[in-house]
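Nothing in this text is a laboratory measurement; each read-out follows from the coordinates by a stated rule. Source: prediction; values computed, not measured. Here the Cβ positions follow ideal geometry from the backbone for every residue, glycine too, while neighbour counts run over all protein chains shown.
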């Protein structure tokens, strides 16, 4: 577990039941490349959708 993961888990614990916390895995989202901007990579579309539907 990375330090970032540990910090995220600690933040989630501090929030407790006051909010629902979900973590997105961006491992499959490629670095931005303006030459390959369209069509959007599937992983980027999926991450954007999950962020959009989050309440």
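For region 35-55, backbone nitrogen atoms closer than 19 Å to the point 7 Å from residue 12 Cα along Cα-to-C-beta are found at 47-48, 50-55.
Modelled spin-label separation between residue 42 and residue 4, with each label point placed 7 Å from Cα along the Cα-to-Cβ direction: 2.3 nm. Calculated mean residue ellipticity, 222 nm, the chain: -14500 deg cm²/dmol, from DSSP H runs (n ≥ 4) at -39500 (n - 2.57) each, averaged per residue and rounded to 500.
Seen through its C-alpha gyration tensor, with square-root eigenvalues sorted a ≥ b ≥ c, the chain comes out oblate because a/c lies at 1.5 or above while a/b is not bigger than b/c.
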